[in-house]
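Asker: To start, I am sharing the structure in question, which I have written as structure tokens.
The values are calculated or read from the model by the stated rules, or taken from the named source; none is laboratory data. Note that the structure is predicted; figures quoted are calculated from it, not measured. Note that each Cβ is placed from the backbone with ideal geometry, even for glycine, and that neighbours are counted across all protein chains shown. Note: accessible area is taken over every heavy atom of the protein model, side chains too, but ligands, DNA and RNA are not part of it. Shrake-Rupley method; radii C 1.70, N 1.55, O 1.52, S 1.80 Å.
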Amino acid sequence: MKRISITFAGQEIEFVDREVAIRQIRQFAEEGTYPVYVIYGPEGCGKTAFLQQAKVILEEEFGYRVIYVNPLAEETEKVLQFTSSIEDIVREVFSLFPEPYSRIVDVAINVASRVLRKLGEVKLAVLMDDIFQAVGLDKAERYVKILLNLIEWPPRRYEKIVVLVTSSEGITKSRVGRHSWADLFTIWNMSREGFRELYEKLPGKKPDFESTWKLTGGNPRYLERLYRVKWNVDYIVNSIIQRSGITRTFVQRWKKHLEEAINDPDYLWYGPEEVEELAKELIEKNLIVFNIPPRKQYLWIDTPPPEKDLEIGVGKHVAWQTPLHREAIRRMLDLV
Ligand SMILES: Nc1ncnc2c1ncn2[C@@H]1O[C@H](COP(=O)(O)OP(=O)(O)O)[C@@H](O)[C@H]1O
Ligand SMILES: [Mg+2]
């Protein structure tokens, strides 16, 4: 199998590990997806890398036409990617939208629908990477329904269809999860072994593996960020405080409960009634993952996290997105 090439810490590396996920892609390719598969995972855990690898497997091993969209991609050429044989259709749709990049998700759906109509008995994959922020969190459900319609009411018969949508927004998880329009899967940070492989690829001097694991909990994005700032943990923690809007008033207000949640995030699940509101705020700030499903493989993409691992902030039902997110709260608590 061709493993995609990824730019990581300034060098080209091969897609690492995720053996189980790769097998799952093959299964989706063989069976198609029904209903829409929504894959939720913490920020930076590797969703984009996973969909990029899925694209290549679907195209090269299974002959799928693939349309991939990532409205938040940093480089324009990565926003919309597609199998070259549907280029004409993409051009046609681009000419219909006055500002295609401002409505790129609609463009992609329109392309998918035209591919089905024009090409007939094809295998089609629609990969929607972190689209909910771009379309508006309040419209997440509507978009999932539109995608389901593509599967259920196609303009013409197709051979197979695969629709995968990723999300890192905790709010959309509960919204999307309450309908039968989608099956919800969870993907986690990398397993210890996979993470070690990635860690070994980092050039230069680095802290020992154990402390890197304890800092990041296996999150590849934070591994890369730490590398880039020469392992300046303070810098990263402060950037989380800023970006997530962890204010003094917030930690002051919830001090007692936050202290508990730092020791064991499951406190937010089992704790007194008033922590429900705190949990909601932490979900909105993307600091925790709430309502983590049981560790049954069929609910997960790739290997699920351990049942509970307090060292890296993983509880049975609630987890800190990474230990660095927990550290951000801890530092603010020290100040109040
Ligand atoms: N399996 C993997 N092999 C190699 N690098 C990976 C892998 N998964 C993620 N990465 C790298 O980690 C970083 C974060 O991954 P990304 O897919 O962007 O996360 P997400 O989309 O979930 O926010 C990227 O630099 C990506 O290239
Ligand atoms: Mg991504």
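Asker: State whether region 198-278 is rounded, prolate or oblate according to the following rule on the C-alpha gyration tensor (a ≥ b ≥ c being the square roots of its eigenvalues): a/c under 1.5 gives rounded; otherwise a/b larger than b/c gives prolate, and the remaining case gives oblate.
Answerer: prolate
Asker: With every protein chain left in place, what is the accessible area per residue of the chain in square angstrom, probe 1.4 Å?
Answerer: 46
Asker: Looking at 303, 110, 32, which one has the Cα that reaches farthest to the positive end of the dipole of the chain (charges on Cβ: Lys, Arg +1; Asp, Glu -1)?
Answerer: Result: 110.
Asker: Determine the sum of side-chain charges near residue 283: Lys and Arg each +1, Asp and Glu each -1, restricted to other residues whose C-beta is under 14 angstrom from that of residue 283.
Answerer: Neighbour charge sum, excluding residue 283 itself: -2.
Asker: For a protection proxy built on the mean count of beta-carbon atoms within 10 angstrom, sort 228-236, 44-52, 19-27 highest first, please.
Answerer: 44-52, 19-27, 228-236
Asker: Residue 201: which aspartates and glutamates have alpha carbons under 19 Å from its alpha carbon, excluding same-chain residues fewer than 8 sequence positions away?
Answerer: Within the straight-line cut-off, residue 201 pairs with 12, 14, 17, 19, 193, 210, 224.
Asker: Further question: Using Cα-Cα distances under 8 Å and only pairs 6 or more residues apart, what relative contact order does the chain have, in percent?
Answerer: RCO, the chain: 21 percent.
Asker: In what sequence, highest mean first, do 152-161, 249-258 appear when ranked by Cβ atoms within 10 angstrom?
Answerer: In decreasing order of mean packing, 152-161, 249-258 become 249-258, 152-161.
Asker: Please give me the summed charge of the neighbours of residue 94: other residues whose Cβ is under 13 Å from its Cβ, Lys and Arg +1, Asp and Glu -1.
Answerer: -2
Asker: Still on this structure, I have one more. Could you let me know the centre-to-centre spacing of region 310-336 and region 107-127, using Cα atoms, in angstrom?
Answerer: 43
Asker: May I ask you to give the percent of accessible area on region 5-187 that is carbon plus sulfur, with a probe radius of 1.4 Å?
Answerer: With neighbouring chains kept in place, the figure for region 5-187 is 45 percent.
Asker: Number of Lys pairs in region 5-187 with C-alpha atoms less than 22 angstrom apart, excluding same-chain neighbours closer than eight positions?
Answerer: 15
Asker: Report, ordered by chain and residue number, the lysines lying within cross-link reach of residue 205, taken as a straight Cα distance under 26 Å and ignoring same-chain residues fewer than 8 apart.
Answerer: In chain and number order, the partners are 214, 230.
Asker: May I pose another question? Might you report the magnitude of the Cβ-based charge dipole of region 205-335 about its Cα centre, with Lys and Arg at +1 and Asp and Glu at -1, to the nearest 20 debye?
Answerer: The dipole magnitude comes to about 600 debye.
Asker: A follow-up question, please. Is the C-alpha gyration tensor of region 5-187 telling us rounded, prolate or oblate? Criteria: a/c under 1.5 is rounded; beyond that, a/b larger than b/c is prolate, otherwise oblate.
Answerer: Because its axes are fairly even, with a/c under 1.5, region 5-187 counts as rounded.
Asker: Oh, and also: If the cut-off is a Cα-Cα distance under 22 Å, which lysines reach residue 255, setting aside same-chain residues fewer than 8 apart in sequence?
Answerer: 280, 285
Asker: Let me ask something else about it. May I ask you to compute the full-extension gain from residue 142 to residue 205, defined as 0.36 nm times their residue separation minus their alpha-carbon distance, rounded to one decimal in nm?
Answerer: Extending this stretch completely gives an extra 17.9 nm.
Asker: Then there's this: Only bridges whose two residues both fall in the chain count here: according to DSSP, what percent of them are antiparallel, nearest 5?
Answerer: 35
Asker: Between rounded, prolate and oblate, where does region 3-101 land on the alpha carbon gyration tensor, with a ≥ b ≥ c its root eigenvalues, rounded for a/c under 1.5, else prolate if a/b exceeds b/c?
Answerer: oblate
Asker: Which value in deg cm²/dmol, rounded to the nearest 500, describes the helix-derived mean residue ellipticity at 222 nm for the chain, given -39,500 (n - 2.57) per DSSP H run of n ≥ 4 and division by the residue count?
Answerer: Using -39500 (n - 2.57) per qualifying helix, the result is -14500 deg cm²/dmol.
Asker: Where the only charges are on Cβ atoms (+1 Lys, Arg; -1 Asp, Glu), what is the dipole of region 5-187 about its Cα centre, to the nearest 20 debye?
Answerer: With only Lys, Arg, Asp and Glu charged at Cβ, the dipole is about 760 debye.
Asker: With r as the distance between the Cβ atoms of residue 96 and residue 255 and R0 = 51 Å, compute the FRET efficiency 1/(1 + (r/R0)^6) and round to 0.05.
Answerer: 0.40
Asker: Per-residue counts of other Cβ atoms within 10 Å, averaged by peptide: what ranking do you get for 268-275, 70-77, highest first?
Answerer: Highest-to-lowest ranking by the protection proxy: 268-275, 70-77.
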